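Here the structure is laid out as structure tokens; the discussion comes afterwards.
The values are calculated or read from the model by the stated rules, or taken from the named source; none is laboratory data. Everything numeric here is computed off the predicted structure, so don't read it as measured data. Here the Cβ positions follow ideal geometry from the backbone for every residue, glycine too, while neighbour counts run over all protein chains shown.
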Amino acid sequence: MNRDRFSTGRTAHAEHTEHAENAEHTEDTEHAEGTESMTAELVRGQNHPLPDTRLEIRVSAGHPVVAGATLCDEQGRVPGVEWIAHPGAPSLPGVDVPGQAAADHRLTVDLEAVPGAVHRVSVLLALPGARLGGAARFGAVAAPFVAVSGSDGAEIASYTITGLDSESAVVALELYRRQGAWKVRAMGQGYEGGLAALLGDQGLERPADLAATILEAVAPEPARRLPEAERVRHTAPVTAQDAAPTAAPAAAPPTVPDPVPNGAQDAAPTVPVGGGPIDYAHPRRRTEPPAAPPSAAAPAAEQPRQGPPAPVAGDASGWSMDERLYNQVWGMFEDLARTTAAYRSACEFAESRLDRELDEMLSDYRVRGGGANDAARAAARARHDELVRRAQEALDRDLAQLVAESEVVEPALPAAYARWDNPVWHAYRVPAEEPMAVRLGDLHLPERTDLRIPMLVRLPLERGLWVDSGRGRSEAAGLLDEVELRRLALDSAVAHTARLLAAHPAGGFTVHVVDAAGAGAAALAPLVETGVLAAPPARGAAGVSAVLEQLTERVDLLQMAMRGGAADALPPGLDTARQLLLVHDFPHGFDDRAVTRLRYLADEGPSVGVHLLMVADREDAAAYGPLLDPLWRSLLRLTPVPDDHLADPWVGHAWSYEPPLLPPGSAVLRQVLAEVASTRHGKRP
């Protein structure tokens with residue numbers, strides 16, 4: 001089942017994320033792609049086209065590693081040592097690699113300059129091990145992060161190499177030629193035998209000799225022994241062990257997001273069949289406390305703080321608290337998506353490994369029957385259960401941290417981000433400035449249904465909204481009759497409208513309503529009676545046509561002014577506020593001309609501040625066939641009851657959406673609308 005992809009604009013002051021376009025699926029239409037380029041976060045085995053042939057490959061490992069590259073032919077084999085760029089021979093035609101082991105590397109590749117016989121360029125990483133006083137396996141260090149950028153510096157793709165354990169060498173990425181074009185593939189192929197095993201797997205003869213040469217090239221030279229006087233006068237030389245990253249926060253490498261599987265083929269982490277240890281720690285969350293600095297005044301019996309640091313509301317980047325809270329909520333959203341993906345991936349891998357081992361037992365006549373078979377089955381199931389148990393422990397740990405963070409963030413949210421039951425609404429005042437976003441509901445996953453992530457959508461709206469009053473495939477909608485479902489849909493739309501009005505400064509947001517049959521009079525009463533509408537709800541075909549004509553002319557006028565650079569030539573009486581058209585009971589009262597204008601407003605309106613909020617059942621407009629498909633795709637679909645139709649922009653999980661419900665018997669909606677109306681009228685000349 002295709003799902004609506006919910007995403008937002010650029011996370012402010014977060015350099016590691018890219019602008020995520022608002023693109024979505026409707027239930028029986030194709031995915032509407034975003035129009036802005038974005039960094040592809042690859043998972044193992046995934047490929048991505050390279051728009052540029054001059055590349056920079058950045059490696060961030062948090063621990064000294066050796067970086068190199070191999071040039072391979074069509075069969076993926078390395079003909080000889082002269083086809084390998086490494087610290088002892090760092091330059092080849094089109095490829096340059098660093099000459100020393102380090103925690104961060106930059107490799108340059110010019111694919112047009114590599115020899116014509118080269119069809120693959122493999123980027124490899126290896127641990128120098130004891131030669132630099134470091135770790136001997138990748139499972140003991142942070143997951144390496146690799147990013148590919150073009151000649152203009154724009155990041156094309158990135159990949160975090162997770163799932164490594166006892167391996168000490170890994171093929172990180174592969175640049176390969178396919179039908180005359182170059183692509184990048186995330187590999188993550190590790191080798192327990194180190195560099196020698198990696199090079200041998202690529203067909204190199206006598207790989208151990210070259211592996212020894214590479215490691216020798218990065219080995220530190222023996223330090224000259226200084227006289228005792230010099231050792232006293234001068235600072236002691238820093239050893240390789242001293243240079244290794246410590247647990248102190250200042251020395252920790254920058255964290256990067258985990259890649260997340262996009263499909264079942266990417267789900268299995270790289271783990272030895274024997275069931276070696278796997279690190280399920282989420283890279284963006286600390287699981288161990290930082291080392292406490294020594295303090296002479298501290299009592300000897302004082303124990304360091306156990307567990308992760310206590311969460312703090314607004315603990316994110318940003319110039320204002322509003323911006324920091326917005327970024328923090330989206331960080332929680334991403335963390336929950338990725339930690340759940342890691343758990344699901346581990347469980348899928350455990351199941352697939354168990355199935356494979358059981359199949360191998362059935363095909364092996366030596367253990368097919370008898371006690372040996374029972375023992376082998378028990379051992380396989382024990383490995384499966386242990387893997388699932390550890391994955392569950394890691395998930396529970398990360399979820400507990402997110403729950404703790406949510407408990408401090410939720411009460412601190414401003415009105416635009418807060419639930420209707422938040423006390424902040426009782427002290428609501430019309431803001432002087434527009435906030436970054438507005439809350440349109442909550443999102444959660446089945447692994448922890450009580451952990452709700454606020455669904456924050458950036459302002460100004462980049463697309464219209466559609467409250468689906470049809471049954472669709474929602475189980476909750478199927479339990480309600482048609483009349484009740486339509487009533488809930490309009491109630492939800494009125495609540496969304498009130499939030500949008502409350503989020504804008506006085507006079508900054510104008511609302512028009514179309515209710516052709518007058519069926520929504522009761523639900524629309526709060527908007528009508530408080531006087532926040534530009535005019536009474538339009539009735540009948542004539543009223544529908546008049547409102548659509550007015551807004552269409554407005555869009556045309558503003559677009560002409562923008563194209564001609566004559567914004568100061570607009571009519572003096574033109575309302576400069578953003579406009580919202582709430583359409584109820586579509587397509588009742590709409591003729592073909594009105595439908596055409598509605599589609600025009602959906603496509604062209606957001607760029608000049610004219611937005612749609614439709615309350616409609618798609619089945620009611622089935623007579624138009626595929627002609628309205630672009631309209632439905634252009635709108636962000638919301639529902640009046642819980643439904644799992646939304647997908648996050650990182651992993652693509654199916655998230656359950658819940659609309660923002662008012663507390664039973666609460667008068668907060670009318671109070672907020674009354675405050676908006678009184679402030680607006682008080683500011684009018």
Checklist entry - Within the bounds of the stretch 420-429, is there any residue that is closer than 21 Å to V651 by Cβ and either in contact (Cβ under 8 Å) with a residue 12 or more places away in the chain or out of contact with any Pro (no Cβ under 9 Å at 6 or more places or on another chain) (or both)? => result no
Next on the checklist: Based on this model, can you work out whether E230 counts as within 25 Å of L164 (Cα to Cα), assigned to a helix (DSSP H, G or I) and modelled with pLDDT under 90?
Outcome noted: no
Checklist entry - Does any residue in the stretch 163-192 that is more than 19 Å from P115 (Cα to Cα) come within less than 6 Å, Cβ to Cβ, of a residue that is assigned to a strand (DSSP E or B) and among the acidic types (D, E) six or more places away or on a different chain, and which pairs are these? => result R185/E174; M187/E174
Next on the checklist: Only one of L580, L548, L527 is closer than 20 Å to G609 by Cβ, of a type outside the set (V, I, T), crowded, with 20+ Cβ neighbours inside 10 Å and free of Cβ contacts under 8 Å to residues at least 60 places away in the same chain. Can you tell me which?
Outcome noted: L548
Item to check | Residue ID - modelled with the lowest pLDDT, chosen from residues in the stretch 59-73 that are out of contact with any Phe, Trp or Tyr (no Cβ under 8 Å at 6 or more places or on another chain) and part of a strand (DSSP E or B) | outcome: G62
Next on the checklist: Criterion first (in a helix (DSSP H, G or I), modelled with pLDDT of 90 or more, under 38 Å from the mean Cα position of the chain (by Cα) and of a type outside the set (F, W, Y)) does L210 satisfy it?
Outcome noted: no
Next on the checklist: Return the pair list, or none, for Cβ contacts closer than 7 Å from residues in the stretch 109-132 that are closer than 10 Å to W182 by Cβ and modelled with pLDDT of 90 or more to residues that are assigned to a loop (DSSP other than H, G, I, E, B) and among the polar types (S, T, N, Q), at least 6 apart or on different chains.
Outcome noted: L111/T53; E112/T53
Checklist entry - Of A337, A379, which residue is part of a helix (DSSP H, G or I), in contact with a His (Cβ under 7 Å, 6 or more places away or on another chain) and either aliphatic (A, V, I, L, M) or not assigned by TED's automatic domain parsing to the domain that holds A503 (or both)? => result A337
Item to check | Any hit, the stretch 568-575, residues being touching a strand residue (DSSP E or B) at 6+ places or on another chain (Cβ under 9 Å) and either over 20 Å from L465 (Cβ atoms) or not β-branched (V, I, T) (or both) | outcome: yes
Checklist entry - in contact with a helix residue (DSSP H, G or I) (Cβ under 9 Å, 6 or more places away or on another chain) and closer than 30 Å to H426 by Cβ - does that describe any residue in the stretch 389-403? => result yes
Next on the checklist: Test of understanding: among E549, E553, which residue is farther than 21 Å from V467 by Cα and in contact with a helix residue (DSSP H, G or I) (Cβ under 9 Å, 6 or more places away or on another chain)?
Outcome noted: E549
Next on the checklist: If I filter the stretch 573-582 for residues that are among the β-branched types (V, I, T), within 36 Å of the chain's Cα centre (by Cα) and modelled with pLDDT of 95 or more, do I get at least one hit?
Outcome noted: no
Item to check | First in the stretch 378-405 and within 10 Å of Y343 (Cα to Cα) and modelled with pLDDT of 95 or more, second anywhere and assigned to a helix (DSSP H, G or I) and charged (D, E, K, R), Cβ under 6 Å, 6 or more apart | outcome: none
Next on the checklist: Residues that are touching a helix residue (DSSP H, G or I) at 6+ places or on another chain (Cβ under 9 Å), at pLDDT below 85 and at positive phi: does the stretch 314-330 have at least one?
Outcome noted: yes
Item to check | Set V114, V109: member being among the β-branched types (V, I, T) and either outside any loop (DSSP other than H, G, I, E, B) or in contact with a Lys or Arg (Cβ under 6 Å, 6 or more places away or on another chain) (or both) | outcome: V109
Next on the checklist: Please count how many residues of the stretch 93-106 are surrounded by fewer than 22 Cβ atoms within 10 Å (Cβ to Cβ) and either in a strand (DSSP E or B) or not small (G, A, S) (or both).
Outcome noted: 8
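Conditions tested, residue by residue: (1) within 26 Å of the chain's Cα centre (by Cα); (2) not hydroxyl-bearing (S, T, Y).
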site: L601; (1), (2): no, yes
site: M614; (1), (2): no, yes
site: Y624; (1), (2): no, no
site: L635; (1), (2): yes, yes
Next on the checklist: Take the conditions β-branched (V, I, T) and under 30 Å from the mean Cα position of the chain (by Cα) and apply them to T160. Does it pass?
Outcome noted: yes
